[in-house]
Amino acid sequence: MPRRSAKDSAFSFSQEALRNLAQSVLDHAKKHGATACEVDVSEGLGQSISVRRQAVETIEYNRDKGLGVTVYIGQRRGHASSSDFSPSAVKDTVAAALSIARFTAEDDCAGLPDVKLLAKKSMDLDLFHPWNISVDEAIALAQRCEQGALDVSPLISNSEGATVSAQQSQFIAANSLGFMDGFASTRHYVSCSVIAGTGDDMQRDDWYTSSRDAQDFSAVERIGDYAARRALSRLKSRKLSTRKCPVIFEAPLAASLIGNLTYALSGGALYRKTSFLADSLGKKILPDFFTLSERPHIKGAFASSAFDDDGVATRNRDIIQAGEVQGYLLSTYSARKLGMQTTGNAGGAHNLRVSHSKHDLPGLLKEMGRGLLVTELMGQGVNYVTGDYSRGAAGFWVENGEIAYPVDEITIAGNLIDMFAQMVAIGKDVDTRGSKHVGSIWLNQMTVAGS
(Lines give C-alpha, C1' and ligand atoms only; values in the text may rest on other atoms or scores of the structure.)
Protein backbone atom coordinates (compact mmCIF):
# COMPACT_ATOMS: atom_id res chain seq x y z
CA MET A 1 0.00 0.00 0.00
CA PRO A 2 1.51 3.39 -0.94
CA ARG A 3 2.33 5.73 1.91
CA ARG A 4 -0.32 8.37 2.57
CA SER A 5 0.51 12.04 2.97
CA ALA A 6 -1.32 14.72 4.92
CA LYS A 7 -2.83 15.74 1.59
CA ASP A 8 -4.95 12.58 1.71
CA SER A 9 -6.53 13.68 4.99
CA ALA A 10 -9.45 15.84 6.01
CA PHE A 11 -7.22 18.32 7.88
CA SER A 12 -8.21 21.97 7.75
CA PHE A 13 -4.58 23.13 7.64
CA SER A 14 -1.60 22.09 5.55
CA GLN A 15 1.73 21.32 7.19
CA GLU A 16 3.06 24.47 5.55
CA ALA A 17 0.30 26.53 7.17
CA LEU A 18 1.18 25.08 10.58
CA ARG A 19 4.86 25.87 9.98
CA ASN A 20 4.04 29.45 9.05
CA LEU A 21 1.91 29.80 12.17
CA ALA A 22 4.69 28.41 14.37
CA GLN A 23 7.21 30.81 12.81
CA SER A 24 4.90 33.76 13.37
CA VAL A 25 4.75 32.86 17.07
CA LEU A 26 8.54 32.71 17.32
CA ASP A 27 8.92 36.04 15.53
CA HIS A 28 6.28 37.78 17.64
CA ALA A 29 7.73 36.46 20.90
CA LYS A 30 11.24 37.64 19.99
CA LYS A 31 9.94 41.05 18.93
CA HIS A 32 8.24 41.56 22.29
CA GLY A 33 11.09 40.62 24.57
CA ALA A 34 11.38 36.84 24.79
CA THR A 35 14.96 35.63 24.94
CA ALA A 36 13.81 32.17 23.84
CA CYS A 37 10.57 30.53 22.73
CA GLU A 38 9.11 27.16 21.85
CA VAL A 39 5.76 26.48 20.25
CA ASP A 40 3.55 23.50 19.39
CA VAL A 41 0.73 23.77 16.85
CA SER A 42 -1.59 20.80 16.43
CA GLU A 43 -4.81 19.64 14.82
CA GLY A 44 -6.84 16.45 15.27
CA LEU A 45 -10.04 14.95 13.97
CA GLY A 46 -11.93 11.68 13.89
CA GLN A 47 -15.09 9.76 14.51
CA SER A 48 -16.20 7.03 16.91
CA ILE A 49 -19.25 4.82 16.46
CA SER A 50 -20.70 2.60 19.20
CA VAL A 51 -23.42 -0.01 18.94
CA ARG A 52 -25.05 -2.00 21.72
CA ARG A 53 -27.14 -5.09 21.04
CA GLN A 54 -26.89 -4.20 17.34
CA ALA A 55 -28.53 -0.78 17.78
CA VAL A 56 -26.55 2.43 17.25
CA GLU A 57 -25.80 3.97 20.63
CA THR A 58 -23.43 6.87 19.89
CA ILE A 59 -22.00 8.65 16.87
CA GLU A 60 -19.27 11.08 17.88
CA TYR A 61 -17.25 13.44 15.74
CA ASN A 62 -14.24 15.30 17.07
CA ARG A 63 -12.26 18.13 15.49
CA ASP A 64 -9.94 20.32 17.51
CA LYS A 65 -6.81 22.37 17.23
CA GLY A 66 -4.38 23.85 19.71
CA LEU A 67 -1.54 26.30 20.04
CA GLY A 68 0.87 26.05 22.97
CA VAL A 69 3.49 28.74 23.56
CA THR A 70 6.33 28.70 26.08
CA VAL A 71 8.51 31.81 26.37
CA TYR A 72 11.61 32.55 28.40
CA ILE A 73 12.83 35.89 29.68
CA GLY A 74 16.24 34.87 30.89
CA GLN A 75 15.52 32.07 33.37
CA ARG A 76 11.88 33.06 33.83
CA ARG A 77 9.33 30.84 32.08
CA GLY A 78 5.75 31.47 30.99
CA HIS A 79 3.29 29.28 29.15
CA ALA A 80 -0.07 29.98 27.51
CA SER A 81 -2.32 28.13 25.09
CA SER A 82 -5.23 28.76 22.74
CA SER A 83 -7.55 26.93 20.37
CA ASP A 84 -7.83 30.04 18.15
CA PHE A 85 -5.37 30.38 15.26
CA SER A 86 -6.38 33.91 14.25
CA PRO A 87 -3.57 36.53 14.16
CA SER A 88 -5.07 38.46 17.07
CA ALA A 89 -5.43 35.29 19.18
CA VAL A 90 -1.83 34.31 18.43
CA LYS A 91 -0.62 37.72 19.59
CA ASP A 92 -2.77 37.53 22.73
CA THR A 93 -1.43 34.05 23.55
CA VAL A 94 2.19 35.20 23.21
CA ALA A 95 1.40 38.27 25.31
CA ALA A 96 -0.15 36.09 28.02
CA ALA A 97 2.92 33.81 28.12
CA LEU A 98 5.23 36.84 28.36
CA SER A 99 3.14 38.32 31.16
CA ILE A 100 3.35 35.09 33.13
CA ALA A 101 7.11 34.88 32.59
CA ARG A 102 7.66 38.39 33.95
CA PHE A 103 6.02 37.41 37.25
CA THR A 104 7.61 33.96 37.54
CA ALA A 105 10.62 33.27 39.75
CA GLU A 106 13.91 32.52 38.04
CA ASP A 107 14.75 28.84 37.61
CA ASP A 108 18.35 27.90 36.85
CA CYS A 109 17.18 24.77 35.04
CA ALA A 110 14.67 26.50 32.75
CA GLY A 111 15.40 27.02 29.08
CA LEU A 112 15.74 25.36 25.70
CA PRO A 113 17.95 22.29 25.09
CA ASP A 114 21.56 22.47 23.99
CA VAL A 115 21.37 23.25 20.26
CA LYS A 116 23.76 20.37 19.51
CA LEU A 117 21.20 17.88 20.84
CA LEU A 118 18.29 18.98 18.63
CA ALA A 119 17.01 16.71 15.86
CA LYS A 120 18.59 17.78 12.58
CA LYS A 121 16.54 15.92 9.98
CA SER A 122 13.03 14.59 9.50
CA MET A 123 12.26 10.89 9.32
CA ASP A 124 9.49 9.09 7.50
CA LEU A 125 8.31 6.64 10.16
CA ASP A 126 5.16 5.54 8.28
CA LEU A 127 2.74 6.76 10.94
CA PHE A 128 -0.03 8.19 8.78
CA HIS A 129 -2.74 5.94 7.34
CA PRO A 130 -6.09 7.77 7.33
CA TRP A 131 -9.11 5.49 7.52
CA ASN A 132 -11.81 7.16 5.47
CA ILE A 133 -14.60 4.93 6.73
CA SER A 134 -18.17 6.19 6.39
CA VAL A 135 -20.60 6.21 9.31
CA ASP A 136 -22.65 3.41 7.73
CA GLU A 137 -19.53 1.30 7.20
CA ALA A 138 -18.39 1.89 10.78
CA ILE A 139 -21.81 0.92 12.14
CA ALA A 140 -21.78 -2.29 10.10
CA LEU A 141 -18.26 -3.09 11.32
CA ALA A 142 -19.22 -2.53 14.97
CA GLN A 143 -22.32 -4.69 14.53
CA ARG A 144 -20.26 -7.50 13.03
CA CYS A 145 -17.80 -7.25 15.92
CA GLU A 146 -20.55 -7.44 18.55
CA GLN A 147 -22.38 -10.21 16.69
CA GLY A 148 -19.16 -12.22 16.76
CA ALA A 149 -19.48 -12.15 20.56
CA LEU A 150 -23.21 -12.81 20.74
CA ASP A 151 -22.85 -15.86 18.47
CA VAL A 152 -20.40 -17.61 20.79
CA SER A 153 -22.91 -18.81 23.38
CA PRO A 154 -26.44 -18.23 24.73
CA LEU A 155 -24.64 -17.50 28.02
CA ILE A 156 -23.54 -14.15 26.59
CA SER A 157 -26.47 -12.47 28.26
CA ASN A 158 -25.76 -8.82 27.59
CA SER A 159 -23.43 -6.45 25.82
CA GLU A 160 -21.71 -3.23 26.77
CA GLY A 161 -21.27 -2.62 23.08
CA ALA A 162 -18.72 -2.50 20.30
CA THR A 163 -16.87 0.62 19.16
CA VAL A 164 -15.11 1.57 15.93
CA SER A 165 -12.90 4.64 16.08
CA ALA A 166 -10.81 6.34 13.37
CA GLN A 167 -8.50 9.18 14.44
CA GLN A 168 -5.86 11.32 12.77
CA SER A 169 -3.74 14.23 13.95
CA GLN A 170 -0.83 16.41 12.91
CA PHE A 171 1.47 18.90 14.59
CA ILE A 172 4.46 21.16 14.17
CA ALA A 173 6.90 21.82 17.00
CA ALA A 174 9.47 24.61 16.80
CA ASN A 175 11.83 26.67 18.92
CA SER A 176 13.95 29.78 18.59
CA LEU A 177 17.16 27.74 18.19
CA GLY A 178 16.12 26.84 14.65
CA PHE A 179 14.36 23.54 15.28
CA MET A 180 11.10 23.00 13.41
CA ASP A 181 9.57 19.62 12.58
CA GLY A 182 6.37 17.64 12.86
CA PHE A 183 4.27 14.97 11.24
CA ALA A 184 0.82 13.54 10.75
CA SER A 185 -0.21 10.29 12.43
CA THR A 186 -3.23 8.02 12.80
CA ARG A 187 -4.56 5.66 15.43
CA HIS A 188 -7.62 3.48 14.92
CA TYR A 189 -9.26 0.83 17.06
CA VAL A 190 -12.12 -1.66 17.29
CA SER A 191 -13.30 -2.90 20.69
CA CYS A 192 -16.01 -5.07 22.20
CA SER A 193 -17.21 -5.64 25.77
CA VAL A 194 -19.79 -8.25 26.79
CA ILE A 195 -21.40 -9.80 29.86
CA ALA A 196 -21.73 -13.53 30.43
CA GLY A 197 -24.03 -15.36 32.83
CA THR A 198 -27.18 -14.49 34.75
CA GLY A 199 -28.31 -13.77 38.28
CA ASP A 200 -25.56 -13.87 40.89
CA ASP A 201 -23.04 -15.33 38.46
CA MET A 202 -22.31 -12.64 35.90
CA GLN A 203 -18.92 -11.62 34.50
CA ARG A 204 -17.76 -9.07 31.94
CA ASP A 205 -14.68 -8.91 29.78
CA ASP A 206 -13.51 -7.14 26.65
CA TRP A 207 -10.95 -7.11 23.89
CA TYR A 208 -9.74 -4.65 21.31
CA THR A 209 -7.34 -4.19 18.43
CA SER A 210 -5.52 -1.00 17.60
CA SER A 211 -3.27 0.07 14.74
CA ARG A 212 -1.90 2.98 12.78
CA ASP A 213 -3.31 1.30 9.65
CA ALA A 214 -6.80 -0.20 9.67
CA GLN A 215 -5.68 -2.72 7.04
CA ASP A 216 -3.73 -4.44 9.82
CA PHE A 217 -6.93 -5.36 11.68
CA SER A 218 -7.89 -8.98 11.88
CA ALA A 219 -11.48 -9.95 11.12
CA VAL A 220 -13.52 -7.90 13.58
CA GLU A 221 -15.71 -10.90 14.44
CA ARG A 222 -12.66 -12.45 16.10
CA ILE A 223 -12.41 -9.51 18.48
CA GLY A 224 -15.97 -10.05 19.65
CA ASP A 225 -15.47 -13.81 19.75
CA TYR A 226 -12.42 -13.48 21.98
CA ALA A 227 -14.10 -10.96 24.29
CA ALA A 228 -17.00 -13.40 24.73
CA ARG A 229 -14.75 -16.37 25.45
CA ARG A 230 -12.85 -14.35 28.04
CA ALA A 231 -16.11 -13.41 29.78
CA LEU A 232 -17.38 -17.00 29.68
CA SER A 233 -14.14 -18.35 31.15
CA ARG A 234 -14.69 -16.23 34.26
CA LEU A 235 -18.09 -17.69 35.18
CA LYS A 236 -18.35 -19.56 38.48
CA SER A 237 -15.43 -17.65 39.93
CA ARG A 238 -14.27 -18.55 43.41
CA LYS A 239 -12.56 -16.69 46.20
CA LEU A 240 -9.12 -17.70 47.41
CA SER A 241 -7.93 -17.97 50.98
CA THR A 242 -5.09 -15.60 51.86
CA ARG A 243 -1.73 -17.03 50.85
CA LYS A 244 1.66 -16.39 49.32
CA CYS A 245 2.20 -17.88 45.89
CA PRO A 246 3.74 -17.37 42.43
CA VAL A 247 1.87 -14.91 40.21
CA ILE A 248 1.81 -14.47 36.44
CA PHE A 249 0.61 -11.17 35.01
CA GLU A 250 -1.05 -11.73 31.63
CA ALA A 251 0.74 -9.78 28.87
CA PRO A 252 -1.72 -6.83 28.67
CA LEU A 253 -1.30 -6.32 32.42
CA ALA A 254 2.44 -6.92 32.35
CA ALA A 255 2.71 -3.64 30.44
CA SER A 256 1.46 -1.86 33.57
CA LEU A 257 4.39 -3.32 35.55
CA ILE A 258 6.77 -1.95 32.93
CA GLY A 259 4.94 1.36 33.31
CA ASN A 260 5.58 1.25 37.07
CA LEU A 261 9.26 0.60 36.34
CA THR A 262 9.71 3.40 33.80
CA TYR A 263 7.84 5.92 35.95
CA ALA A 264 10.24 5.20 38.81
CA LEU A 265 13.15 5.75 36.40
CA SER A 266 11.74 9.02 35.02
CA GLY A 267 13.42 12.34 35.72
CA GLY A 268 10.38 13.98 37.29
CA ALA A 269 10.06 11.31 39.98
CA LEU A 270 13.81 11.20 40.53
CA TYR A 271 14.51 14.89 41.05
CA ARG A 272 11.41 15.26 43.24
CA LYS A 273 12.69 12.29 45.28
CA THR A 274 9.39 10.47 44.89
CA SER A 275 10.85 7.31 43.34
CA PHE A 276 11.76 4.05 45.03
CA LEU A 277 14.52 3.70 42.40
CA ALA A 278 16.42 6.88 43.29
CA ASP A 279 20.19 6.53 42.75
CA SER A 280 19.68 3.23 40.92
CA LEU A 281 21.94 4.08 37.94
CA GLY A 282 24.46 1.28 37.50
CA LYS A 283 22.70 -0.94 40.00
CA LYS A 284 21.23 -4.37 39.36
CA ILE A 285 17.49 -4.37 40.12
CA LEU A 286 16.26 -7.23 37.91
CA PRO A 287 17.47 -10.70 36.88
CA ASP A 288 20.18 -11.23 34.25
CA PHE A 289 17.66 -12.16 31.55
CA PHE A 290 15.86 -8.80 31.74
CA THR A 291 16.63 -6.15 29.13
CA LEU A 292 14.50 -3.07 28.51
CA SER A 293 15.28 -1.27 25.27
CA GLU A 294 13.96 1.90 23.67
CA ARG A 295 13.58 1.91 19.88
CA PRO A 296 12.16 5.29 18.76
CA HIS A 297 12.44 4.81 15.00
CA ILE A 298 10.38 1.66 14.37
CA LYS A 299 8.16 2.30 11.38
CA GLY A 300 4.45 2.30 12.13
CA ALA A 301 4.84 1.89 15.90
CA PHE A 302 2.69 3.83 18.36
CA ALA A 303 5.47 5.77 20.09
CA SER A 304 7.83 6.38 17.19
CA SER A 305 9.36 9.83 16.76
CA ALA A 306 12.63 11.34 15.58
CA PHE A 307 12.52 13.85 18.44
CA ASP A 308 11.02 14.34 21.89
CA ASP A 309 8.79 17.16 23.16
CA ASP A 310 11.86 19.38 23.58
CA GLY A 311 12.98 18.80 19.97
CA VAL A 312 15.90 16.65 21.15
CA ALA A 313 16.86 13.83 18.78
CA THR A 314 15.80 10.37 19.93
CA ARG A 315 18.07 7.34 19.71
CA ASN A 316 18.15 3.60 20.26
CA ARG A 317 19.38 2.58 23.69
CA ASP A 318 19.09 -0.02 26.42
CA ILE A 319 17.59 1.46 29.58
CA ILE A 320 18.17 -1.78 31.50
CA GLN A 321 20.65 -4.38 30.33
CA ALA A 322 21.08 -7.78 32.02
CA GLY A 323 19.03 -6.42 34.93
CA GLU A 324 21.27 -3.37 35.48
CA VAL A 325 20.02 0.21 35.10
CA GLN A 326 21.93 1.82 32.23
CA GLY A 327 20.06 5.10 32.05
CA TYR A 328 17.08 7.14 33.18
CA LEU A 329 14.24 8.74 31.20
CA LEU A 330 15.13 12.44 31.23
CA SER A 331 13.82 15.61 29.65
CA THR A 332 15.96 18.71 29.29
CA TYR A 333 14.57 20.17 32.51
CA SER A 334 14.72 17.04 34.67
CA ALA A 335 18.24 16.28 33.43
CA ARG A 336 19.42 19.73 34.53
CA LYS A 337 17.75 19.24 37.92
CA LEU A 338 19.76 16.03 38.32
CA GLY A 339 23.00 17.44 36.90
CA MET A 340 22.81 15.10 33.91
CA GLN A 341 22.12 15.26 30.16
CA THR A 342 18.73 14.77 28.57
CA THR A 343 18.02 11.31 27.15
CA GLY A 344 15.43 12.60 24.65
CA ASN A 345 12.47 11.57 26.79
CA ALA A 346 10.54 14.81 27.26
CA GLY A 347 6.97 13.56 26.90
CA GLY A 348 7.81 9.95 27.74
CA ALA A 349 9.51 6.84 26.36
CA HIS A 350 9.50 5.78 22.72
CA ASN A 351 8.63 2.15 21.92
CA LEU A 352 9.80 0.07 24.86
CA ARG A 353 10.76 -3.54 24.17
CA VAL A 354 11.28 -6.16 26.88
CA SER A 355 13.33 -9.32 26.38
CA HIS A 356 11.45 -12.62 26.64
CA SER A 357 11.99 -16.34 27.05
CA LYS A 358 11.10 -19.24 24.76
CA HIS A 359 7.82 -19.96 26.56
CA ASP A 360 4.36 -18.80 25.54
CA LEU A 361 1.72 -18.30 28.25
CA PRO A 362 0.72 -22.01 28.43
CA GLY A 363 4.43 -22.79 28.72
CA LEU A 364 4.81 -20.35 31.62
CA LEU A 365 1.80 -21.89 33.38
CA LYS A 366 3.27 -25.35 32.96
CA GLU A 367 6.64 -24.21 34.34
CA MET A 368 4.97 -22.45 37.28
CA GLY A 369 2.87 -25.49 38.15
CA ARG A 370 0.79 -23.95 40.91
CA GLY A 371 -0.10 -20.29 41.41
CA LEU A 372 -2.20 -17.37 40.22
CA LEU A 373 -2.70 -16.04 36.70
CA VAL A 374 -3.89 -12.42 36.89
CA THR A 375 -6.01 -11.18 33.99
CA GLU A 376 -7.60 -8.07 35.51
CA LEU A 377 -6.35 -5.37 37.87
CA MET A 378 -8.44 -2.79 39.74
CA GLY A 379 -7.50 0.33 41.66
CA GLN A 380 -4.30 2.34 41.66
CA GLY A 381 -2.54 1.08 44.79
CA VAL A 382 1.08 1.88 43.93
CA ASN A 383 3.25 3.98 46.25
CA TYR A 384 6.17 5.21 44.15
CA VAL A 385 8.04 6.56 47.16
CA THR A 386 8.30 3.17 48.88
CA GLY A 387 7.48 0.77 46.03
CA ASP A 388 4.57 -0.76 47.96
CA TYR A 389 2.10 -2.39 45.59
CA SER A 390 -1.48 -3.46 46.36
CA ARG A 391 -4.27 -3.82 43.81
CA GLY A 392 -7.58 -5.59 43.42
CA ALA A 393 -7.37 -8.48 40.99
CA ALA A 394 -9.14 -11.30 39.22
CA GLY A 395 -7.88 -14.20 37.15
CA PHE A 396 -7.40 -17.96 37.39
CA TRP A 397 -5.96 -20.42 39.88
CA VAL A 398 -3.46 -22.80 38.28
CA GLU A 399 -2.84 -26.39 39.39
CA ASN A 400 -0.40 -28.84 37.77
CA GLY A 401 0.40 -26.28 35.08
CA GLU A 402 -3.20 -25.94 33.93
CA ILE A 403 -5.96 -23.45 34.66
CA ALA A 404 -8.13 -25.02 37.37
CA TYR A 405 -10.85 -22.39 37.97
CA PRO A 406 -11.49 -18.62 37.80
CA VAL A 407 -11.02 -16.43 40.88
CA ASP A 408 -12.15 -12.92 41.78
CA GLU A 409 -12.52 -10.54 44.74
CA ILE A 410 -8.86 -10.87 45.67
CA THR A 411 -6.04 -8.41 46.32
CA ILE A 412 -2.43 -8.95 45.30
CA ALA A 413 0.30 -7.17 47.25
CA GLY A 414 4.07 -6.86 47.40
CA ASN A 415 6.84 -4.34 46.96
CA LEU A 416 7.98 -3.46 43.46
CA ILE A 417 11.66 -3.70 44.42
CA ASP A 418 11.11 -7.31 45.51
CA MET A 419 8.74 -8.05 42.64
CA PHE A 420 11.29 -6.94 40.03
CA ALA A 421 14.10 -8.83 41.75
CA GLN A 422 11.96 -12.00 41.94
CA MET A 423 10.97 -12.04 38.28
CA VAL A 424 11.28 -15.63 37.07
CA ALA A 425 10.53 -15.40 33.35
CA ILE A 426 8.82 -13.35 30.64
CA GLY A 427 6.69 -15.04 28.00
CA LYS A 428 6.95 -14.68 24.25
CA ASP A 429 3.21 -13.87 24.06
CA VAL A 430 4.07 -10.22 23.47
CA ASP A 431 1.19 -7.73 23.44
CA THR A 432 1.94 -5.28 20.61
CA ARG A 433 -1.16 -3.04 20.88
CA GLY A 434 0.55 -0.23 22.76
CA SER A 435 3.90 1.50 23.23
CA LYS A 436 5.25 -1.13 25.67
CA HIS A 437 5.81 -4.52 24.07
CA VAL A 438 6.11 -7.22 26.70
CA GLY A 439 4.91 -10.77 27.27
CA SER A 440 3.35 -12.28 30.38
CA ILE A 441 5.51 -11.78 33.49
CA TRP A 442 6.00 -14.52 36.08
CA LEU A 443 6.91 -13.39 39.60
CA ASN A 444 8.19 -15.85 42.17
CA GLN A 445 5.95 -14.74 45.03
CA MET A 446 3.30 -12.22 46.04
CA THR A 447 0.78 -12.05 48.84
CA VAL A 448 -2.75 -12.86 47.69
CA ALA A 449 -5.43 -11.66 50.10
CA GLY A 450 -8.84 -13.29 49.83
CA SER A 451 -11.39 -14.75 52.19
Matching residues, the stretch 114-138, being closer than 28 Å to ALA214 by Cα and surrounded by fewer than 19 Cβ atoms within 10 Å (Cβ to Cβ): SER122, MET123, ASP124, LEU125, ASP126, ASN132, ILE133, SER134, VAL135, ASP136, GLU137
Boolean, ARG315 is modelled with pLDDT of 95 or more, surrounded by fewer than 21 Cβ atoms within 10 Å (Cβ to Cβ) and outside any loop (DSSP other than H, G, I, E, B): no
Positions within the stretch 416-451 being without any contact (Cβ under 8 Å) to a residue 60 or more places away in the chain and either closer than 19 Å to GLY371 by Cα or more than 20 Å from the chain's Cα centre (by Cα) (or both), in sequence order: ASP418, GLN422
Contacts under 7 angstrom Cβ, first residue in the stretch 102-120 being under 21 Å from GLY182 (Cβ atoms), partner modelled with pLDDT under 95 and surrounded by 15 or more Cβ atoms within 10 Å (Cβ to Cβ), 6 or more apart: none
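Can you tell which of ALA174, ALA166 is crowded, with 23+ Cβ neighbours inside 10 Å, within 29 Å of GLN15 (Cβ to Cβ) and not charged (D, E, K, R)? Explain how you work it out, then say what you get.
Working: ALA166 fails: crowded, with 23+ Cβ neighbours inside 10 Å.
After ruling out the rest, the residue left standing is ALA174.
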In the stretch 349-406, residue farthest from SER256 (Cα to Cα) [restricted to those that are among the basic types (Lys, Arg) and in a loop (DSSP other than H, G, I, E, B)]: ARG370
Among (1) outside any helix (DSSP H, G or I); (2) not assigned by TED's automatic domain parsing to the domain that holds SER157 - the single one THR209 does not satisfy: (2)
Residue check, VAL448 assigned to a strand (DSSP E or B) and closer than 12 Å to PRO246 by Cα: yes
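The values are calculated or read from the model by the stated rules, or taken from the named source; none is laboratory data. Since the structure is predicted, the reported quantities are computational estimates derived from the model, not experimental observations. Note that we place each Cβ from the backbone using ideal geometry, even for glycine, and neighbour counts take in every protein chain shown.
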